[in-house]
1. Can you tell me which residues in segment A:68-82 are within 13 Å of chain B (Cβ to nearest Cβ) and β-branched (Val, Ile, Thr)?
2. Given the structure, is A:THR203 modelled with pLDDT under 95 and surrounded by 15 or more Cβ atoms within 10 Å (Cβ to Cβ)?
3. For segment A:136-149, check the following and say yes or no: at least one residue is part of a loop (DSSP other than H, G, I, E, B), surrounded by 24 or more Cβ atoms within 10 Å (Cβ to Cβ) and outside the structural domain of A:LYS13 (by TED's automatic domain parsing).
4. Does any residue in segment B:103-131 that is at the interface with chain A (Cβ under 7 Å from one of its Cβ atoms) and surrounded by fewer than 24 Cβ atoms within 10 Å (Cβ to Cβ) come within less than 6 Å, Cβ to Cβ, of a residue that is basic (Lys, Arg) and part of a strand (DSSP E or B) six or more places away or on a different chain, and which pairs are these?
5. Hey, A:SER217 hits all of (1) among the hydroxyl-bearing types (Ser, Thr, Tyr); (2) farther than 23 Å from B:SER131 by Cβ; (3) surrounded by fewer than 18 Cβ atoms within 10 Å (Cβ to Cβ) but one; which does it fall short on?
6. Within segment B:107-127, can one find any residue that is under 21 Å from the mean Cα position of the chain (by Cα), at pLDDT below 95 and either assigned to a helix (DSSP H, G or I) or over 22 Å from B:ILE177 (Cβ atoms) (or both)?
7. From the set of residues in segment B:85-98 that are surrounded by fewer than 24 Cβ atoms within 10 Å (Cβ to Cβ) and either under 17 Å from A:VAL155 (Cα atoms) or out of contact with any Leu (no Cβ under 9 Å at 6 or more places or on another chain) (or both), which is farthest from the other protein chains (Cβ to nearest Cβ)?
8. Would you be able to say whether some residue in segment B:14-33 is modelled with pLDDT of 95 or more, among the β-branched types (Val, Ile, Thr) and surrounded by fewer than 17 Cβ atoms within 10 Å (Cβ to Cβ)?
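The values are calculated or read from the model by the stated rules, or taken from the named source; none is laboratory data. Everything numeric in this text was worked out from a predicted model, so none of it was measured. Counting neighbours? That spans all protein chains shown, and the Cβs are built from the backbone with ideal geometry, glycine included.
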Number of protein chains: 2
Amino acid sequence: MLYVVGLGPGSKKLMTEEAREVIENTHIIVGYATYVRLIEDMIEGKELVVTGMRGEIERCKKALEIAATGKDVAIISSGDAGIYGMAGLILELAGKMEQHIDIKVIPGVTASIAAAAHLGAPLMNDFCHISLSDLMTPWEVITERVDAAAKADFVICLYNPRSKGRPHHLRKALDIILKYKSPDTIVGIGKDVARPKEVDKVTTIADLDETEINMTSIVIVGNKNTYVEDGRMITPRGYTL
Amino acid sequence: MLYVVGLGPGSKKLMTEEAREVIENTHIIVGYATYVRLIEDMIEGKELVVTGMRGEIERCKKALEIAATGKDVAIISSGDAGIYGMAGLILELAGKMEQHIDIKVIPGVTASIAAAAHLGAPLMNDFCHISLSDLMTPWEVITERVDAAAKADFVICLYNPRSKGRPHHLRKALDIILKYKSPDTIVGIGKDVARPKEVDKVTTIADLDETEINMTSIVIVGNKNTYVEDGRMITPRGYTL
């Protein structure tokens, strides 16, 4: 069996029991070095296959090759494996193989949900996830989605908001959002959520300092009803109180 | 301390360690009867405050009143407490109180993520969450969001897709989606996910039988690249394989 496991955002406290059991009971673990370090005290004595960043295809192929020999193997992602993680790639590659591989996807807490809980309750109404990485999605498609989401007043979770290679994507996305949303719209930023260096911040589109944001950050842009109370970002569900 | 706890979709295997620890260590548990039943073997000997459906405001007020006396209390939601759950309402009501209450939101696996894992990997590209319940959001706002999400080719997760009181909302939403997406677009349905009666089904917009769908179902409408392989619903991330 090949298990595709979402570890949650970082802390083992946010791992599901099913993910923990699979890691404990599986002898071979495949993963990107940073993710393997998140669980290093759980994997003593196990066989590790560790690959570098952007080694996703190689990593998935190795996991499938091991599973094809009949062994149990777990490939790990941070967050949820099915949200910009390894689950899709594993299933795509498995579909190209002649041999049938048994695959089980184990869900996890994705970064936006953990960041939201630590920021308050920003996702209480309809929301979108948009990745600002154009490595695999054309930038025009991404901007069209940002435009549509802002126009329809979704709460917007921006994944991969800003990196050295893409320093201006967040600014460009916010400029599109400002066509429809006020500069006073509340923005929450969760950086290294559920990890020792975690920083959470609630600000507005106008006051956001994009240089504080990197690839380990999640940016959540509120809807027109989102407000701040006692330092927390709250999107009302719509109850009359 | 008032803990707002997401239990995950049903099975305790999908509960996070932090949620489990809070439930175990907190003597007073507040919740809707159905959610309390999900964890009945964990709450023996505890003080329970159980309210009926649509008793959300009353339930949250009770939890806040108990916390105001200085006692620890946990209010529970299924899935994630911050996604159409109790976290927002608790924070909204706390903001109206004179006394400061310490509140901690414990994230959980929301229904769409669990359903996605069991259906395959449909959320590998940008996606939206839209609730089709118009109890608290005007139907025009909901339909505008469905329109925007379909036009920009998001994967669309529909929460509260269909109930006795709203038998036609799903059909109306699919009719809007069909303005932009093909009838052959893949749809995944997760019903009672991670519970004993779970049924997962992969179909298309054209073949979807809406009478099979109820309030315990999540409907995930794919994007134009979503396909089915070996019975699983896969939205490609965009790797060149």
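1. So the first thing to find is which residues in segment A:68-82 are within 13 Å of chain B (Cβ to nearest Cβ), and the list is A:75, A:77, A:79-82.
Passing the criteria: only A:ILE75.
2. Working: modelled with pLDDT under 95: no; surrounded by 15 or more Cβ atoms within 10 Å (Cβ to Cβ): yes.
Against the criterion (modelled with pLDDT under 95 and surrounded by 15 or more Cβ atoms within 10 Å (Cβ to Cβ)), A:THR203 does not qualify.
3. Within segment A:136-149, the first condition is being part of a loop (DSSP other than H, G, I, E, B), and the residues that meet it are A:136-138.
Checking the rest, the ones that are also surrounded by 24 or more Cβ atoms within 10 Å (Cβ to Cβ) come to none.
There is no residue in segment A:136-149 that is part of a loop (DSSP other than H, G, I, E, B), surrounded by 24 or more Cβ atoms within 10 Å (Cβ to Cβ) and outside the structural domain of A:LYS13 (by TED's automatic domain parsing).
4. none
5. For A:SER217, the failing item is (3).
6. No, because not a single residue in segment B:107-127 is under 21 Å from the mean Cα position of the chain (by Cα), at pLDDT below 95 and either assigned to a helix (DSSP H, G or I) or over 22 Å from B:ILE177 (Cβ atoms) (or both).
7. B:GLU98
8. If we filter segment B:14-33 for residues that are modelled with pLDDT of 95 or more, which is where we start, we get B:14-30.
Next, from what is left, pick out any that are among the β-branched types (Val, Ile, Thr): B:16, B:22-23, B:26, B:28-30.
Narrowing further to those that are surrounded by fewer than 17 Cβ atoms within 10 Å (Cβ to Cβ): none.
Within segment B:14-33, not a single residue is modelled with pLDDT of 95 or more, among the β-branched types (Val, Ile, Thr) and surrounded by fewer than 17 Cβ atoms within 10 Å (Cβ to Cβ).
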